[in-house]
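The values are calculated or read from the model by the stated rules, or taken from the named source; none is laboratory data. All values derive from a computational prediction rather than experimental measurement. Glycine also receives a Cβ, built like all others from the backbone with ideal geometry; neighbour counts cover every protein chain displayed. Side chains included, ligands, DNA and RNA excluded: accessible areas come from the protein's heavy atoms. Shrake-Rupley method; radii C 1.70, N 1.55, O 1.52, S 1.80 Å.
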Amino acid sequence: MTDDERARPLQYVDIGAGPTIVLLHGYGMQPATYLPMARLLADRARVVIPNLLALPERWTFEHALDCLELTLDEIGVDQVSLLGHSFGGGLELGLVSRSPARIVECVFSDTLGMEREFSLALEAVHPLGIVRMATPRAVRSFSEQWLAHPMHLAEAALWAFRSDRRPEIEECADIGLPCHVLWAARDTILSRKDGEEFARHLHATFTVAKAPPGYGPIDHDWMFDDPELFVQHLNELGLRALPAT
């Protein structure tokens, strides 16, 4: 239980029934953005998507983790599988370090990895990459989050660029949970090389998205832009939360 008296359970979307998957969304995104993908899992799993930016106080990593732990208490399950997208993967690592006994397995999709500060900035703020992946769904979600939580977004971005995630990566690897890293075939935001290094340090599997010929580019936000393809790749991981039908 958290010692932070300011912490509260986060607002969250809750859909489906079965083993619980907690989905930690990308930077500036909203829980509802991921509903098309979550609905594809809802016949086999319960998917809970907290709003990682709607904190009751200023956004800090530790405060976000306090609120996430209280959210796990509120949803009323002893163990969960974690699915983190981009920015959400950094919080996933922290949650595993905080509460390893509550976590069954981890999936990281195009997530924050080993790089930080200037090296990460070179990856994440390349203007052409941002323009190419700025789909209407992503732009709408980001705009709404920015209007609702501008300071939280700024504080979360500063943490993402400055934080050294290596200690949490090492802790997660030492715990020995089943971990998987999924990567877009053409991630225009984060480097595949960094994803491969992240998976290696985590002792995780590393899978690059595959699609039929002529499908089109698979980019950073494929979790919600290509939900059917993403779920297909999830199914191939053999997750405990997604037993074969």
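Scan segment 157-171 and give yes if some residue there is of a type in the set (Ser, Thr, Tyr) and farther than 15 Å from GLY89 by Cα, otherwise no. Spell out how you get there, then give the answer.
Here is the first cut: in segment 157-171, the residues of a type in the set (Ser, Thr, Tyr) are 163.
If we keep only those that are farther than 15 Å from GLY89 by Cα too, we end up with none.
There is no residue in segment 157-171 that is of a type in the set (Ser, Thr, Tyr) and farther than 15 Å from GLY89 by Cα.
Can you say whether ARG98 is modelled with pLDDT under 95 and more than 18 Å from THR188 (Cα to Cα), as far as the supplied structure shows?
Values: modelled with pLDDT under 95: yes; more than 18 Å from THR188 (Cα to Cα): yes.
Against the criterion (modelled with pLDDT under 95 and more than 18 Å from THR188 (Cα to Cα)), ARG98 qualifies.
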Residues that are under 16 Å from the mean Cα position of the chain (by Cα) and open to solvent by 10 Å² or more (accessible area, probe 1.4 Å), drawn from segment 55-71: PHE61, GLU69
Conditions (1) open to solvent by 60 Å² or more (accessible area, probe 1.4 Å); (2) touching a helix residue (DSSP H, G or I) at 6+ places or on another chain (Cβ under 6 Å); number of the one not met by PRO227: (1)
Give me a count of the residues in segment 225-245 that are farther than 18 Å from PRO178 by Cα and either modelled with pLDDT under 95 or part of a loop (DSSP other than H, G, I, E, B) (or both). 3
Kindly list the number of the only condition in (1) part of a loop (DSSP other than H, G, I, E, B); (2) among the charged types (D, E, K, R); (3) touching a Cys at 6+ places or on another chain (Cβ under 9 Å) that fails for GLU92. (1)
I need a count of the residues in segment 146-169 that are open to solvent by less than 20 Å² (accessible area, probe 1.4 Å), in a helix (DSSP H, G or I) and within 14 Å of GLU62 (Cα to Cα). 2
Subset of segment 35-58, residues touching an Asp or Glu at 6+ places or on another chain (Cβ under 7 Å), over 13 Å from ARG8 (Cα atoms) and assigned to a loop (DSSP other than H, G, I, E, B), comes to none
Taking only pairs six or more apart or across chains, which ones have beta-carbon atoms under 8 Å, a first residue in segment 42-58 that is closer than 18 Å to TRP146 by Cα, and a second residue that is of a type in the set (Ser, Thr, Tyr)? PRO50/TYR12; PRO50/THR71; ASN51/TYR12
Output for segment 10-41, where each listed residue is surrounded by 21 or more Cβ atoms within 10 Å (Cβ to Cβ), closer than 29 Å to LEU147 by Cα and not aliphatic (A, V, I, L, M): HIS25, GLY26, GLY28, GLN30, PRO31, THR33, TYR34
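For the structure I just gave you, tell me whether ALA209 is out of contact with any Asp or Glu (no Cβ under 6 Å at 6 or more places or on another chain) and either of a type in the set (Val, Ile, Thr) or under 18 Å from GLU170 (Cβ atoms) (or both).
Numbers: out of contact with any Asp or Glu (no Cβ under 6 Å at 6 or more places or on another chain): yes; either of a type in the set (Val, Ile, Thr) or under 18 Å from GLU170 (Cβ atoms) (or both): no.
No.
I'm checking my understanding of the structure. Among residues of segment 204-224 that are of a type in the set (A, V, I, L, M) and farther than 13 Å from ALA185 by Cβ, which one is surrounded by the most Cβ atoms within 10 Å (Cβ to Cβ)?
Looking only at segment 204-224, we keep the residues that are of a type in the set (A, V, I, L, M), and these are 204, 208-209, 211, 218, 223.
Checking which are farther than 13 Å from ALA185 by Cβ leaves us with 204, 223.
On the way: ALA204: 22, MET223: 29.
Going through the qualifying residues, I end up with MET223.
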Enumeration of residues in segment 170-193 that are touching a residue at least 40 places away in the same chain (Cβ under 8 Å) and either buried (at least 20 other Cβ atoms within 10 Å of the Cβ) or among the small types (Gly, Ala, Ser) (or both): CYS172, CYS179, HIS180, VAL181, LEU182, TRP183, ALA184, ASP187, ILE189, LEU190, SER191
Within segment 187-224, considering residues that are among the small types (Gly, Ala, Ser) and not in a loop (DSSP other than H, G, I, E, B), the one nearest to GLY94 (Cα to Cα): ALA199
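Tell me yes or no: at least one residue of segment 68-84 is farther than 20 Å from LEU177 by Cα and in a strand (DSSP E or B).
Restricting attention to segment 68-84, the residues satisfying the condition of being farther than 20 Å from LEU177 by Cα are 70-71, 73-76.
If we keep only those that are in a strand (DSSP E or B) as well, we get none.
Taking every residue of segment 68-84 in turn, none turns out to be farther than 20 Å from LEU177 by Cα and in a strand (DSSP E or B).
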